[in-house]
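A quick write-up on the structure given underneath.
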Amino acid sequence: MSKKRGSFRALKTGFDDILTLVALIAIVVVVNAILHGTSRLRVDLTQDELYTLSQASKDVAKALPGEVQIKAFFSEGLQAPDHNLAQSVDDLLAEYEAASEGKIHYEVIFPKDEDGEEVAEGYGIEKIAVGQQDRNQVGLRLVYKGIALVYGDKQEVIPQVKSDGRVEYELTKALKALVTDDYKKVGVLSSSGGPASNPQFIGSLQNAFQNIYGKLVAVEAVDLSTEAVIPPDLDVLVLLNVQDPVPQPAQFAIDQFLMSGKSLALFQSPSGADPRMPQLPFRQPIPHGLNALFESYGVKLNNDLILDRERNVVGIGLSQRGLVQISYPSLPMLTGINKESIIAKGIDAVVFPFAGSLELTDDVLLSSSVTVTKLIETADSGVARKNVSDLAIEKLMEPTDDEVAGPHLAAVTIQGAMKSAYADGPPEGIAAPEGGLRKVADSGARILVVSNGEFLFPNNRIGYSGEYAQLGGLFFLNAMDWLVQDESLIAIRNKDVPRLLEPVDEDTQTLLQFANIAGVPLGVLLLGMVWFTLRYYRKRRIAASFSA
């Protein structure tokens, strides 16, 4: 009798377990059906919320002045990495639609015949060639994967949507271009040497701006050598690592441009390679002649060299012992980033090769008419060396008596009613502007000063690779957005920014190595012990139920 009772209990226990499992599966199915029918609930666990519509995009969608139609065209059967592209775009457009409060209407279309293709081409979407591979052959296939946005009689087209995380950026940029006629223009001084004196560089910069900003922001060269007149339609003037003295007429024009409420940026290294010995580790001061101008605004450009022997770029070099790791103190990893600034949003560190230090004057620090923001500083381990001539690595690794302990300022912004450098009158022989001398800047005037002008250009010879230059390019674009006073695209562009890892001390390295070597086997052993214990007690419970 006891055996029958035990069998019945075991059978009942098994039946209860099966019933519980079926009930759980049914609950999951019902909840999934409800959520699928009512919303697009998703959980984004990425650090930078890569799959969540940013607040900037929501604000742009909500601020649309009228209805916008969006048509997304995709061919069926796209192969990896585009196999989920149509669904991803569908999900993203649904978020735009919700954020717009009814002003965005979208449709995802899969052209299947000639009529569908005519509709796509009517919106300016053309087929593009992509690689296609199956079991028997590898070739090209013409497919649709583009988006058209229509607002009244205006239209923007994204001809090729890529699976690279930039879809949101391209959509928000297109929405902004649809509803604005206030396009911005950036000028780069080309008449005092430096990279901007090369027409090829200006051409590549224009192509980059076209790719990044579309029609929202354009760039052009500004030559002040023959006539010191800055085009009035410019919003920003950039001085990028000039190599020759900037004449007084040009400096006066720059000052009055800033006083009119425009924006001015200086990206300037204090020293450059000796043109007589460009391959040798020697540098000499750059005679740009801008020190007095920028000191009048409150920023001193020190003719020194920032070094950091603890936080810097580590590369591979050839020595008598073969390939060895080499530390580059003159390529400091600047980790003192002001997280409150929109320019540095999402950036943990940057590398400025051969940068100098900046100082702020007492006048600008005490002024109530301007806002000063320290943007980038060195770590406490950074120093500033006065002698910048000999850059041999073995010399840089040894401290000298003329070094000043850090942290040191490497980038700063000033905004507000700055005093003109020529408040007492224009330079001798130069007439005042037609509208009169501007002695104080309009409140919208902005200045950005960065003590380095080489961070945009990879230089593998000194260990400054393309990855660091790419991060520098992101910082440059953020700066342009701040200078043109349109910061809505920064938060989107800075998603998934690469992180620069700081050096790890030897004790931490040893601990991590031990954890990697011993941690995994110990974890497996512990899991096995837990599993064995659970099985042991489960067998005892079953045996007890049969014996009862």
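The values are calculated or read from the model by the stated rules, or taken from the named source; none is laboratory data. Just so it is clear, the model here is predicted, and its values are computed rather than measured. We place every Cβ from the backbone using ideal geometry, glycine too, and count neighbours over all the protein chains shown.
General observations
- Here region 180-205 is the region considered, the condition is being assigned to a helix (DSSP H, G or I) and surrounded by fewer than 16 Cβ atoms within 10 Å (Cβ to Cβ), and the residue that is farthest from the chain's Cα centre (by Cα) is P199.
- For region 405-445, a residue qualifies if it is within 15 Å of F257 (Cβ to Cβ) and among the polar types (S, T, N, Q), and exactly one does: S420.
- Counting the residues of region 456-477 that are in contact with a helix residue (DSSP H, G or I) (Cβ under 7 Å, 6 or more places away or on another chain) and more than 19 Å from I342 (Cα to Cα) gives 3.
- The set of residues in region 378-429 that are modelled with pLDDT under 90 and hydrophobic (A, V, I, L, M, F, W, C) comprises V388, L391, A392, I393, L396, M397.
- Residue that is farthest from the chain's Cα centre (by Cα) [pool: residues in region 250-269 that are over 15 Å from G193 (Cα atoms) and hydrophobic (A, V, I, L, M, F, W, C)]: F252
- Looking only at region 410-426, and only at residues there that are of a type in the set (S, T, Y) and over 16 Å from D481 (Cα atoms), the one that is nearest to the chain's Cα centre (by Cα): S420
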